[in-house]
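Structure first, then comments.
The values are calculated or read from the model by the stated rules, or taken from the named source; none is laboratory data. This is a predicted model, so every value here is computed, not measured. Because the Cβ atoms are built from the backbone with ideal geometry, glycine has one as well, and the counts that use them run over all protein chains shown. What goes into the accessible areas is simple: the full protein's heavy atoms, side chains included, and nothing from ligands, DNA or RNA. Shrake-Rupley method; radii C 1.70, N 1.55, O 1.52, S 1.80 Å.
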Amino acid sequence: MKEYSVSEVNARIKTLISQDFALSNICVKGEISNCKHHDNGHIYFTLKDEKSNIKAVLWKTRPRPAFNLEDGQKVIVTGSISVYEVGGYYQINVLEIRPEGLGDLHLKFEQLKKEFEEIGYFSAQYKKPIPEFARRIGIVTARTGAAIQDIMHISYDRNPYVELFLYPALVQGEGATASIVKGIKTLDKLGLDVIIIGRGGGSIEDLWAFNERETAEAVFMAKTPIVSAVGHETDVAITDFVADVRAATPSDAARRAVCEWSYIKERIFGYRDTVTGILADKIDDLKIRLENYRLKLQAQSPKAKLDSQKKLAQNKKELLDRILKNVLMRYSAMVSGNADKIQMLMSRTLAMGKQQISGYAGKLEALSPLNSLSRGYGYVEDEKGKRVNSINDINIDDTVKIYFTDGNAKAAIKEKTDGKEGCFGK
């Protein structure tokens, strides 16, 4: 028996498979698993069912599907079976891939919807309220489509004073997405009250410009509240979820954006009646208050108050005069009756003062230093002018100054005797 190398076996198997016409153009359905998007641009995944699996590869040179390949998707793959000799396995070289039971655009729609919902584009916290009395309304739609006609008819029928600003955009085919995005951004800069975007009905392909990522992002980033009105009532677009309000049709969008003039007039007349009633009540109240003030002024006029104050002042003056007169009379009698007593008291007080002064003068005379000096005593200072109180305050050869009643003299200390024996010649 001939022996084959591994390479020869794989090469032979590859040749056999490549010669099988059924395997060169085959459709296989299954579920995607282990999907890997390689940096080189190739996409590798495994196609499996309940019992088996097969490797598959979508080369970077092949067209990409409209949806993103992810694990768990059920797809139908068209391609050819080939053998990868180096690895020793066979795989499907994918030529085309489509969702099983669902078109590419429907799958892509669901993927985009899921993605935008996860990042918060549909969140209620970002929804801006539509003004109740919008006067300036922008519209992004085709110039000649039924949508603009419906919006204009409904708007003017509800409120003939509303202003409409149309941005004529492409709503289908090549360039539609860019045109719609530009229309949203252009109208968003005009300071309008609300913007309506939309078009009439159609297939998912016809409406796809309102499902593109760029359109959804433009709607989300707009500062002006946006109403999405794409297709008929059963049609749904990504912009319906991102917009601040979703309208079933363009006509419904006009009804939501434009407040009826009859309702506005009714509100205005209601406010007028309310204000009129409030003013009437206020005027009646002011009239009553004015009459009360008039009565008070009449009862308490300035002239009456002035006369009353004058009379009161005159009464107080007369009372004060009587009080002063009585006080003066009483004190005059007291002064007259006590004049002699006061005179005697003052003389006695002066005599006692003189006697006290004489006593104080005698004491001062007795304590006077001059009096002591006149009796032969002297006052001694050292060279610094400090009084000498003790023998210990001076030394031999010190110079002292002696004060007498009639002058002073300097003397030098030649001798000193300590103790009481030296005092006064003892």
Rounded to the nearest whole Å², what accessible area per residue is found for the chain with the 1.4 Å probe? 69 Å²
On full extension of the chain, what length is gained from LYS60 through THR417, given 0.36 nm per residue of separation minus the C-alpha to C-alpha distance? 114.8 nm
If you take the beta carbon distance between LYS48 and ARG143 as r and set R0 to 56 Å, what does 1/(1 + (r/R0)^6) give as a FRET efficiency, to the nearest 0.05? 0.60
So THR186 and ASN408, fully extended at 0.36 nm per residue minus their Cα-Cα distance, gain in nm 67.9 nm
Can you compute the modelled spin-label distance between PHE165 and GLN356, with each label point 7 Å from Cα toward Cβ, in nm? 10.7 nm
Would you mind counting up the charge near GLY385? Only other residues with Cβ under 15 Å from its Cβ, with Lys and Arg at +1 and Asp and Glu at -1. 0
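Starting from 0.36 nm per residue, how many nanometres of slack lie between ASP321 and GLU260 once their C-alpha separation is accounted for?
Numbers: separation 61, 0.36 × 61 = 21.96 nm, distance 8.69 nm.
Between ASP321 and GLU260, full extension yields an extra 13.3 nm.
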So what J values fall out for region 56-68 if you push phi through Karplus, 6.51 cos²θ - 1.76 cosθ + 1.60 with θ = phi - 60°, rounded to Hz, Gly and Pro as x? 9, 9, 10, 5, 5, 7, 8, x, 8, x, 6, 10, 8
Skipping prolines and chain starts, which residues have an amide H placed within reach, meaning under 5 Å, of the one on CYS35, given they are 5 or more residues away or on another chain? THR46, ASP71
Suppose the Debye formula is applied to equal point scatterers at every Cα of region 216-266; what is log10 I(q)/I(0) at q = 0.23 Å⁻¹? -0.81
Computed about the Cα centre, the charge dipole of region 180-252 from +1 Lys/Arg and -1 Asp/Glu charges at the Cβ has a magnitude in debye, to the nearest 20, of 340 debye
With a point put 7 Å past each Cα toward its Cβ, work out how far TYR89 is from ASN389 in nm, to one decimal. 12.6 nm
Which residues qualify? For ILE76, with a placed amide H closer than 5 Å and at least 5 residues away or on another chain, they are ARG98, GLU100
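Tell me, what are the semi-axes, in whole angstrom and largest first, of the equivalent ellipsoid of region 44-132 as set by the roots of 5 times the Cα gyration tensor eigenvalues? Don't skip to the answer; put the middle values down first.
Values: eigenvalues 289, 32, 28 Å².
Sorted largest first and rounded, they come to 38, 13, 12 Å.
Return the carbon/sulfur percentage of the accessible area of region 78-205, one whole number, probe 1.4 Å, all protein chains in place. Intermediate results must be reported in sequence, preceding the final value.
Working: 3510 of 6790 Å².
Using a 1.4 Å probe with all protein chains present, region 78-205 comes out at 52 percent carbon and sulfur.
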Farthest toward the dipole's positive end in the chain, which of HIS153, LEU105, ILE92, given Cβ charges of +1 (Lys, Arg) and -1 (Asp, Glu) about the Cα centre? HIS153
So for each of 390-396, 54-60 I average, over its residues, the number of other beta carbons within 10 Å; can you give me the resulting order with the highest mean first? 54-60, 390-396
Equivalent-ellipsoid semi-axes (√(5λ), Cα gyration tensor) for the chain, whole Å, largest first? 124, 60, 17
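Looking only at Cα atoms, what is the convex hull volume of region 103-175 per residue, in Å³?
On the way: hull volume 10.4 nm³, N = 73.
For region 103-175, the hull spanned by Cα atoms encloses 143 Å³ per residue.
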Measure off 7 Å from each Cα along the Cα-to-Cβ vector at ARG136 and ALA280, then give the distance between these two points in nanometres to one decimal. 3.9 nm
